[in-house]
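The values are calculated or read from the model by the stated rules, or taken from the named source; none is laboratory data. Bear in mind the structure is a predicted one, so any value in this text is a computation, not a measurement. Note: ideal-geometry Cβ built from the backbone for every residue, glycine included; neighbour counts use all protein chains shown.
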Amino acid sequence: MKIFLVVSRTFYKEVHNVKTRLEELGHEVIVPILYGNLIADEVAHAAGAEKYAEFRRKVIAAGDRAISDSDAVLCLNFDKGGTANYISSDMFSELLQAFERKKKIFLWSYIPDGVLRDSILAWNPTVIKRKISTIGIAENFKPKPADKKPTPKPAKPVKEAKPKPAKEVKPTAKPKSEKPKPAPKPTAKPIKETKTKSAPKPTKPADKKPAPVKKVKK
């Protein structure tokens, strides 16, 4: 089913989630022409009253074409400030267009109280109470099966390795012991013992005769 979203620009941030959930059910979703392009409205408003009025007529015509091409409309009447289930004048106008073209009308939440209540009740909308699953799956839609993860194959049991018998180690032949070589003979000549000479015997000092005293003549 092709569904056009009727929503206030205040709630454009909620459009992506709703759109995604409807597409998961196989529906084709049409968003408002200003969705993702609010700057265009600001530029037209700054250009003056005449330019802005012309711009608004184009926006309304684009919404009218989108509703004509749709099978149903979903009005996202979220709470706004202190107003429950808010529906703006632009949203009411698009719901009226959907009714005149005999399109199925879904309301996100309950019909708000106020002067618009009786008119909306007359259009016999379906209130989904914030549950997109109420709209149902699109006809001839086959949801993609969930990707099944391959079940891991059980691991093969590990065979216990049998210990190999130890090889017999043959005793190695003992090396022949070498005979000790005789110690080399000393080549140094033996030191001869020197005989020490005996000290000379002391000689007696010779008796010295006293020198004669010379007599001095007076």
Checklist entry - Given the structure, is Y86 under 21 Å from P125 (Cβ atoms) and not in a helix (DSSP H, G or I)? => result yes
Checklist entry - Just one of the numbered conditions (1) of a type in the set (S, T, Y); (2) part of a loop (DSSP other than H, G, I, E, B); (3) at pLDDT 95 or above is not true of Y35; which one? => result (3)
Checklist entry - Which residues, counting only those in the range 91-105, are surrounded by 13 or more Cβ atoms within 10 Å (Cβ to Cβ), part of a helix (DSSP H, G or I) and over 43 Å from the mean Cα position of the chain (by Cα)? => result F92, S93, E94, L95, L96, Q97, A98, F99
Checklist entry - Would the range 7-14 turn up any residue that is surrounded by 13 or more Cβ atoms within 10 Å (Cβ to Cβ) and hydrophobic (A, V, I, L, M, F, W, C)? => result yes
Checklist entry - Taking interchain pairs and intrachain pairs at least six residues apart, which have beta carbon atoms under 6 angstrom, with the first residue in the range 64-79 and acidic (D, E) and part of a loop (DSSP other than H, G, I, E, B) and the second surrounded by fewer than 21 Cβ atoms within 10 Å (Cβ to Cβ) and modelled with pLDDT under 95? => result D71/M1
Item to check | Output for the range 1-57, where each listed residue is β-branched (V, I, T), more than 25 Å from G81 (Cα to Cα) and free of Cβ contacts under 8 Å to residues at least 24 places away in the same chain | outcome: T20, V43
